[in-house]
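Here is the structure we will look at, set down as structure tokens.
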Amino acid sequence: MEARALLVRAINEDQQAGIDRQRVTVCPYPAGDLLRSAWVRGYTAGRRKSESPGGR
């Protein structure tokens with residue numbers, strides 16, 4: 001899979017972890033990995049959605 005597709009996948013899949021209010025420590029990527037940054041970005045967006053009115 002190409003790098004861009006992996007990044008998009010990490011952002012989208014892990015947005016669900018944020019919506020589900022899982023702990024950020026469930027991130028499967030190691031520190032320093034670009035996919036970890038993408039995962040955290042998606043997670044943060046998901047948390048914002050879950051905390052907004054009507055977000056869940």
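Charged neighbours of Cys27, selected by a Cβ distance under 15 Å, balance to +2 (K, R count +1; D, E count -1). Site pair Arg9 and Arg21 shows an inter-label distance of 3.0 nm when each label is modelled 7 Å from Cα along Cα→Cβ. Over all pairs of distinct alpha carbons, what does the Kirkwood formula give as the hydrodynamic radius of the chain, in Å? It works out to 11.1 Å.
Only the coordinates and a few stated rules stand behind these numbers; no lab work does. This structure is a prediction, so every number in the text was calculated from the model and none was measured. FYI the Cβ positions are ideal-geometry reconstructions off the backbone, even for glycines, and counts take in every protein chain you see.
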